[in-house]
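Below you'll find the structure, written out as structure tokens, and then a few comments.
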Amino acid sequence: MPYMLLAGLLLTSIASGAEYGKGDTVSDFTYQHGRLSYRKRSTGVERGREDFWLTRNRDGSRTLRSVAMTDDSKFVRDVTYTLGADERPADIFIRLQVGSALVGSGYFRTEGDRMRIVTDTAETGHTEQVVPVPRRFHVTTHGVMHDAWPFWAYDLAQGGEQTITVYNTSTRWNGTDGPLGRIEPLRLRFVGEEDVTVPAGTFPCRRFSLDTDSVKVPTSHIWITGPDNLMVRYDWGELDLEYVLVRLVREK
């Protein structure tokens, strides 16, 4: 077959979403980006912000990147988190700096029923771990937009309170250490559906509550929207903290 004809057939096959490689198919690629505002709930005063970028990739995976920064605790957290087409964590990178000091960085990769972890931190030095993980689990990165992603492991059809397994990359409630962490349970509950208005607009949301017994913190409430589980609002009333979506741009 002439080369140009073969090349044309290959391009047509890829463009139409036909199978290629190891049976993968080409899906639509979508891109969204925006900002969360970190605020004192009682006053509305901003104490930090988080910019994020989300791609829904052609293989069915999703990659959520975020850069969070605070004015009071002076941390800067970079996170890149890819969720596989099977809605399991695939690979994650975290880098945390507080003030002028590097706290640590880490890389996490899921391989079947195990997750491989490599971290370098000021407190623990260089470590390598292999930890068992169940079919449905989450990695808590302490990037706030990523706090909407444990709900990929929640069975909405079943409802009620459900306990999922998470690898928490910080032993502190505000995520200022790590990312060498630990496996622990997280309790999630679907509260209901609500329309929520924030500076970025009004969104149809699924409301959840979130609890942990590993750190002494009050119940938090999270509103997420759409097929990509984007966070619209996150309330931590007893700690006088809230996180709200102030900008969202959807591109293609």
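Inspect all residues belonging to the range 199-220 and state whether any of them is crowded, with 18+ Cβ neighbours inside 10 Å, aliphatic (A, V, I, L, M) and within 19 Å of Tyr31 (Cβ to Cβ). Within the range 199-220 (the criterion being crowded, with 18+ Cβ neighbours inside 10 Å, aliphatic (A, V, I, L, M) and within 19 Å of Tyr31 (Cβ to Cβ)), the answer is yes, since at least one residue qualifies.
For Asp72, the conditions (1) part of a strand (DSSP E or B); (2) at pLDDT below 95; (3) not hydrophobic (A, V, I, L, M, F, W, C) are fulfilled apart from (1). Taking the numbered list (1) at pLDDT 95 or above; (2) surrounded by 14 or more Cβ atoms within 10 Å (Cβ to Cβ) in turn, Asp86 passes all entries but (2). Taking the numbered list (1) among the β-branched types (Val, Ile, Thr); (2) more than 17 Å from Thr171 (Cα to Cα); (3) within 17 Å of the chain's Cα centre (by Cα) in turn, Val130 passes all entries but (3). Of all the numbered requirements in (1) out of contact with any Lys or Arg (no Cβ under 7 Å at 6 or more places or on another chain); (2) exposed (fewer than 14 other Cβ atoms within 10 Å of the Cβ); (3) not small (Gly, Ala, Ser), Glu193 misses one, and that requirement is (1). The set of residues in the range 226-244 that are part of a strand (DSSP E or B) and either surrounded by fewer than 21 Cβ atoms within 10 Å (Cβ to Cβ) or more than 15 Å from the chain's Cα centre (by Cα) (or both) comprises Asp235, Trp236, Leu241, Glu242, Val244. Among the residues of the range 179-187, at least one is assigned to a loop (DSSP other than H, G, I, E, B) and without any contact (Cβ under 8 Å) to a residue 60 or more places away in the chain.
Take the range 48-69 and flag every residue that is assigned to a strand (DSSP E or B) and of a type in the set (Gly, Ala, Ser). Before the answer, list the steps.
Initially, the range 48-69 is screened for residues assigned to a strand (DSSP E or B), giving 48-56, 62-69.
Within the range 48-69, Gly48, Ser66, Ala68 qualify.
Within the range 198-215, the set of residues being among the charged types (D, E, K, R), in contact (Cβ under 8 Å) with a residue 40 or more places away in the chain and outside any strand (DSSP E or B) is empty. Residues in the range 170-190 that are in contact with a Leu (Cβ under 9 Å, 6 or more places away or on another chain) and crowded, with 18+ Cβ neighbours inside 10 Å were compared, and the one that is modelled with the lowest pLDDT is Gly175. Restricting attention to the range 92-142, the residues that are surrounded by 21 or more Cβ atoms within 10 Å (Cβ to Cβ), more than 11 Å from Pro179 (Cα to Cα) and modelled with pLDDT under 95 total 0. If the condition is being surrounded by 17 or more Cβ atoms within 10 Å (Cβ to Cβ) and among the β-branched types (Val, Ile, Thr), then the range 143-169 contributes Val144, Ile164, Thr165, Val166, Thr169.
The values are calculated or read from the model by the stated rules, or taken from the named source; none is laboratory data. Predicted model, so just to flag it, every value in this text is computed and none were measured. Don't worry about glycine lacking a Cβ; one is built from the backbone with ideal geometry, like all the others, and counts go over all protein chains shown.
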